[in-house]
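Right, I'll just put the structure down here and ask away after.
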Amino acid sequence: MADKASGTLYAGFTKELENVDSYFNSSREGVVMQRALWDGLIYRDPITNEYKGNLAESWTWVDDTTLEFKLRQGVTFHNGEPFNADDVVFTVNFVADEANGVKTQRNVNWMKSAEKIDDYTVRIHLKKKFPAAIEFLSGPVSMYPNEYYAEVGPSGMGLKPVGTGPYKAVEVVPGQHFVLVKNENYHDSPKGQPSIEKVDIRTIPDVNTQIAELFSGSLDLIWQVPADQAQKLEQMGGFTVANESTMRVGYVSMDAAGRSGMDPNPFTDVRVRKAVNHAIDRQAIVDNLLKGKSQVVNTPCFPSQFGCAQDITVYDYDPAKAKALLAEAGYPDGFETDIYAYRNRDYAEALVSYLSEVGIKANLKYMQYSAIRELNMKGEVPFNFSTWGSYSINDASAMVSQFFKLGSLDDARDEQVAADLDMADTSTDPATRIEYYTKALQRITDQAYWVPLFSYNTNYVFKTDIDYTPTPDEVLRFTTMSWK
Amino acid sequence: MFQFILKRLGLAILVAFTVSFISFSLLFLAGDPAAALAGETASGEDIEALRHLYGFDRPMMVQYGDWLFSALRGDFGESYYFKLPVAGLIFDRLSITMTLGVCGIAFALLTAVPLGVAAAIRPNSLIDRVALFLSVAGQALPSFWFGLILIVVFSIKLRWLPPSGTATWQHFIMPTIVLGYYAMPAIMRLTRAGMLEVLSSDYIRTARAKGAPEMRVMFKHALRNAIIPVVSLAAVQMGFMLGGSIVVESIFALHGAGYLAWESIGRNDLPTVQALILIFAMFYIVFTFLADVLNAWLDPRMRSS
């Protein structure tokens, strides 16, 4: 039975985690495991957003593309291997090499190589100026033991992970079951010392089954609980229901560049795109469907991200204005189009009904994410309701630069926006970065390339004898949990 | 009999090849695995490079031949998603699906056949009505709903059984009932109909007339003939259970092969999907083959047809 007396916290995952090796998965569950098992050189406090040293004690920019780190001494990996400059050099050189196939290349492809200065001093060389380096080093880039990793590789690391983190993995059944125990020798890290002895995680795909497990007492904690179920659980009592926002942003993209071959293509007309923006009552969708800590978002990024200006051009809900704009653009009776969506069918249907009120008949094509993305990369998606989670990276480059720099997913293909973003992404001066992100976001909203919709939220439900405060970055942190 | 088995075996192998070829062609047409593999930041060239690396740019027949040649040696390749050998991945999960399937069909047969016989002996009696009610309910209850109701009653209210997982044999009780219940109505109705038909035939009247004991008439004379279509049906249901237990596996968090197949389709994990389709098809074929042999053994007339 799961309770305080057993010393073990039982938690449920919804999705099968493909590989525990954090460089070879791209799921939320993977981030949770990564923060428990490994450490980065730097740590970002999830509340204050302040950067602190973790495996590094301090760091300095030697020049625009070189970072030098003084490493913490006396840290050991779970297998007893001591942590030093060799581990950093090995990890960085391994992940930066494209041939090794790290799953999310943007997490690592800004690094060129690492160089050992002495046992506890190391330099990381960047390919080009990349001010978000500190953010990435405090997030997805964690340090691996060189000898062990060279021997076992990603698949071995996935089955028997070894890190310096607050928890050690003692059992891994790929995708299904993970058992973590407290690392008694955890260094004096800003993550804090783990308190809960043992964490037992099972993958249970069905949310209703998870709730049944919670009721029957065999689970202590579940997360990503849908709003309506969380509300009922809260009314019943006996559980703590905590709602937190996440960095995931919902949006509608439009084929402004005319790649989809739709003829005539109304979305190439800025008036039509503005009409779509005016047609959707985003606040009503937030209030009625998403609830919790979700908020309306006005630009293609998450408001807490560095450079993500919100007070730019805002399109109010105004169906009359939308109709007028459509008429002006030559569509007095509206038009018909396909709209693609891969999640939250209810939100997609709300969008469809708002659009039909102004005369746009959008046929919902509900498909798997991978299938839509493939079409989108080929430029065959005229109208798309999608979302982006930014991998919890608190920098606007993780979202707006992902979609507006002429890559295969860029439906706007605006050279000016791309140039401004390039400037913002590579400048080391924070003021310059803000200036250029604002410029790019201004043009994106003026041109109404997207309808930025809302941010998502997630519900955490756990037994009342657990003390835990979720953070706004959608990462479960076992280290900060304790029994009351 | 030997010739009959040989003929059926040849047919079964032909079916297996056809299934694997058709599924391969369908997957080939279904989309570009390279784009899915490359991830969201990949450029057009990255995707092209991957397509070449994995050999997706070769003609379909060459790819199929390659796959078939490796598969025949037991090498199903590596899962794109888990980065683990497909054979090992499937083997682990197959044991769960097999356990569930065998338990499910056993449960269905052990409840449906006696109920069907009882219903046929006394048509329109109370037991017939109860059997009818159970079979209508079995056809009408969606398994996700039935599964959750069982969980609510036996795990939350009574606390007799664990809600989900595979740790002990108790974990398999509810999934077995849900899966087996789905197959039960058809088997029961067929047993009842078969028994009714056989019981009204001349040879049963003869058997009774010559004074054979009723039990002997029922089981030796009647059931043996009535069960023939049931055997075929049960074999098909078994194949269906092994490949179609997705919903049950998902509700009870069993992580079996059905759930793996469902998830792998969404992930564009072609090697896993392809191997699973072949294995599910093989199950179907093996069970149909076994049913044919069993029927031929039960009914000598079938051996010549």
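When residues of the range B:140-195 are filtered for being part of a loop (DSSP other than H, G, I, E, B) and more than 14 Å from every other protein chain (Cβ to nearest Cβ), how many remain?
Residues meeting the conditions: 1.
A quick yes/no check of all residues on (1) under 27 Å from A:PHE383 (Cα atoms); (2) under 19 Å from the mean Cα position of the chain (by Cα); (3) in contact (Cβ under 8 Å) with a residue 40 or more places away in the chain; (4) surrounded by fewer than 20 Cβ atoms within 10 Å (Cβ to Cβ):
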position: A:LYS232; (1), (2), (3), (4): no, no, no, yes
position: A:MET254; (1), (2), (3), (4): yes, no, yes, no
position: A:ALA275; (1), (2), (3), (4): yes, no, yes, no
position: A:ILE280; (1), (2), (3), (4): yes, no, yes, no
position: A:PRO300; (1), (2), (3), (4): yes, yes, yes, no
position: A:CYS308; (1), (2), (3), (4): yes, yes, yes, no
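Separate question: Which condition number in (1) in contact with an Asp or Glu (Cβ under 7 Å, 6 or more places away or on another chain); (2) assigned to a loop (DSSP other than H, G, I, E, B) is the one that A:SER397 fails?
(2)
Moving on to the next point. Of the residues A:GLY163, A:GLY156, only one is more than 9 Å from chain B (Cβ to nearest Cβ), modelled with pLDDT of 95 or more and more than 17 Å from A:MET481 (Cα to Cα); which? Show your work before the answer.
Working: A:GLY156 fails: modelled with pLDDT of 95 or more.
Residue meeting the stated conditions: A:GLY163.
Take the residues of the range A:166-188 that are free of Cβ contacts under 8 Å to residues at least 12 places away in the same chain and farther than 21 Å from B:PRO85 by Cα: which is farthest from the other protein chains (Cβ to nearest Cβ)?
Ranking the qualifying residues of the range A:166-188, first place goes to A:ASP188.
All but one of (1) within 14 Å of chain B (Cβ to nearest Cβ); (2) assigned to a loop (DSSP other than H, G, I, E, B); (3) among the small types (Gly, Ala, Ser) hold for A:SER142, so report the exception by its number.
For A:SER142, the failing item is (1).
For B:ALA234, indicate whether it is more than 14 Å from chain A (Cβ to nearest Cβ), among the small types (Gly, Ala, Ser) and under 29 Å from B:LEU150 (Cα atoms).
In short, yes.
Which condition from (1) within 13 Å of chain A (Cβ to nearest Cβ); (2) part of a helix (DSSP H, G or I) is the one that B:ASN268 breaks?
Of (1) within 13 Å of chain A (Cβ to nearest Cβ); (2) part of a helix (DSSP H, G or I), only one is false for B:ASN268: (2).
What number of residues in the range B:43-95 are acidic (Asp, Glu), loosely packed, with under 13 Cβ neighbours inside 10 Å and assigned to a loop (DSSP other than H, G, I, E, B)? Don't jump to the end; show me each part of the working.
Taking the range B:43-95 and keeping what is acidic (Asp, Glu), we get B:45-46, B:48, B:57, B:66, B:75, B:78, B:92.
Subsequent filtering for residues that are loosely packed, with under 13 Cβ neighbours inside 10 Å retains B:45, B:57.
Those still in the list that are assigned to a loop (DSSP other than H, G, I, E, B) too: B:57.
Residues flagged as acidic (Asp, Glu), loosely packed, with under 13 Cβ neighbours inside 10 Å and assigned to a loop (DSSP other than H, G, I, E, B) within the range B:43-95 amount to 1.
Sticking with this one: Can you pull out every residue in the range A:87-113 that is under 17 Å from A:SER138 (Cα atoms) and either in contact with a His (Cβ under 7 Å, 6 or more places away or on another chain) or surrounded by fewer than 17 Cβ atoms within 10 Å (Cβ to Cβ) (or both)?
Result: A:ASN109, single match.
Among the residues of the range A:248-287, which ones are under 16 Å from A:TYR317 (Cβ atoms) and in contact with a Lys or Arg (Cβ under 6 Å, 6 or more places away or on another chain)?
The answer is A:HIS278, and nothing else.
Still on this structure, please answer the following. Six or more apart or on different chains, Cβ under 9 Å: which pairs go from a residue in the range A:104-115 that's assigned to a helix (DSSP H, G or I) to one that's surrounded by fewer than 18 Cβ atoms within 10 Å (Cβ to Cβ)? Could you list them?
Correct list of pairs: A:GLN105/A:GLU98; A:GLN105/B:THR41; A:ARG106/B:THR41.
What are the residue pairs meeting all of these: first residue in the range B:9-38, first residue among the hydroxyl-bearing types (Ser, Thr, Tyr), second residue at pLDDT 75 or above, Cβ atoms under 6 Å, and 6 or more apart or on different chains?
B:SER20/B:LEU278; B:SER23/B:ILE277
Table: residues versus (1) under 30 Å from A:ASP414 (Cα atoms); (2) touching a Lys or Arg at 6+ places or on another chain (Cβ under 9 Å); (3) modelled with pLDDT of 95 or more.
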{"site": "A:PRO194", "(1), (2), (3)": "no, yes, yes"}
{"site": "A:SER216", "(1), (2), (3)": "no, yes, no"}
{"site": "A:LEU219", "(1), (2), (3)": "no, yes, no"}
{"site": "A:GLN224", "(1), (2), (3)": "no, yes, no"}
{"site": "A:GLN229", "(1), (2), (3)": "no, no, no"}
{"site": "A:LYS232", "(1), (2), (3)": "no, no, no"}
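When A:GLU29 is evaluated against the numbered criteria (1) modelled with pLDDT under 95; (2) touching a helix residue (DSSP H, G or I) at 6+ places or on another chain (Cβ under 9 Å); (3) under 26 Å from A:PHE462 (Cβ atoms), which criterion, by number, is the only one it fails?
Every listed condition holds for A:GLU29 apart from (2).
Across the range B:242-259, which residue is nearest to the other protein chains (Cβ to nearest Cβ) among those that are in contact with a Leu (Cβ under 6 Å, 6 or more places away or on another chain) and assigned to a helix (DSSP H, G or I)?
For the range B:242-259, the residue satisfying everything is B:VAL248.
Now, a different point. Would you confirm whether any residue within the range A:209-232 is within 24 Å of A:ASP45 (Cα to Cα) and out of contact with any strand residue (DSSP E or B) (no Cβ under 8 Å at 6 or more places or on another chain)?
no
Something else now. Quick one: count up the residues across the range A:47-58 that are surrounded by fewer than 18 Cβ atoms within 10 Å (Cβ to Cβ), part of a loop (DSSP other than H, G, I, E, B) and either of a type in the set (D, E, K, R) or touching a residue at least 60 places away in the same chain (Cβ under 8 Å) (or both).
3
Looking only at the range B:278-295, decide whether some residue is touching a residue at least 12 places away in the same chain (Cβ under 8 Å) and not in a helix (DSSP H, G or I).
no
Taking the condition in a helix (DSSP H, G or I) and not charged (D, E, K, R), does A:THR469 pass?
Values: in a helix (DSSP H, G or I): no; not charged (D, E, K, R): yes.
Spelling it out, it is not the case that A:THR469 is in a helix (DSSP H, G or I) and not charged (D, E, K, R).
I'd like the full set of residues that are in contact (Cβ under 8 Å) with a residue 40 or more places away in the chain and among the acidic types (Asp, Glu), limited to the range B:74-88.
Answer for the range B:74-88, where residues must be in contact (Cβ under 8 Å) with a residue 40 or more places away in the chain and among the acidic types (Asp, Glu): just B:GLU78.
Of the conditions (1) touching a strand residue (DSSP E or B) at 6+ places or on another chain (Cβ under 8 Å); (2) more than 22 Å from A:ASP86 (Cβ to Cβ); (3) more than 12 Å from chain B (Cβ to nearest Cβ), A:LEU37 clears all except one; give me its number.
Unmet condition: (2).
Restricting attention to the range A:6-24, and to residues there that are of a type in the set (S, T, N, Q) and buried (at least 23 other Cβ atoms within 10 Å of the Cβ), which single residue is modelled with the highest pLDDT?
Per the stated criteria, the residue is A:SER22.
Identify the single condition in (1) in contact (Cβ under 8 Å) with a residue 12 or more places away in the chain; (2) under 19 Å from B:ASN295 (Cβ atoms) that B:SER201 does not satisfy, given that it satisfies every other one.
Among (1) in contact (Cβ under 8 Å) with a residue 12 or more places away in the chain; (2) under 19 Å from B:ASN295 (Cβ atoms), B:SER201 violates only (1).
Under 9 Å by Cβ, and 6 or more places apart or on different chains, what pairs join a residue from the range A:359-376 that is more than 8 Å from chain B (Cβ to nearest Cβ) and within 26 Å of B:PRO33 (Cα to Cα) with one that is among the aromatic types (Phe, Trp, Tyr) and assigned to a strand (DSSP E or B)?
If the second residue must be among the aromatic types (Phe, Trp, Tyr) and assigned to a strand (DSSP E or B), the pairs left are A:LEU364/A:TYR340; A:LEU364/A:PHE385; A:LYS365/A:TYR340; A:TYR366/A:TYR340; A:MET367/A:TYR340; A:ILE372/A:TYR340; A:LEU375/A:TYR340; A:ASN376/A:TYR340.
Could you give every pair whose Cβ atoms fall below 6 Å, whose first residue belongs to the range B:111-134 and is surrounded by 17 or more Cβ atoms within 10 Å (Cβ to Cβ), and whose second residue is among the acidic types (Asp, Glu), counting only separations of at least 6 or pairs across chains?
Filtered contacts from the range B:111-134: B:ALA119/B:ASP128.
The values are calculated or read from the model by the stated rules, or taken from the named source; none is laboratory data. Every value quoted in this text rests on a predicted model; they were computed, and no experiment measured them. Quick reminder, even Gly has a Cβ in these numbers, built from the backbone with ideal geometry, and neighbours come from all protein chains shown.
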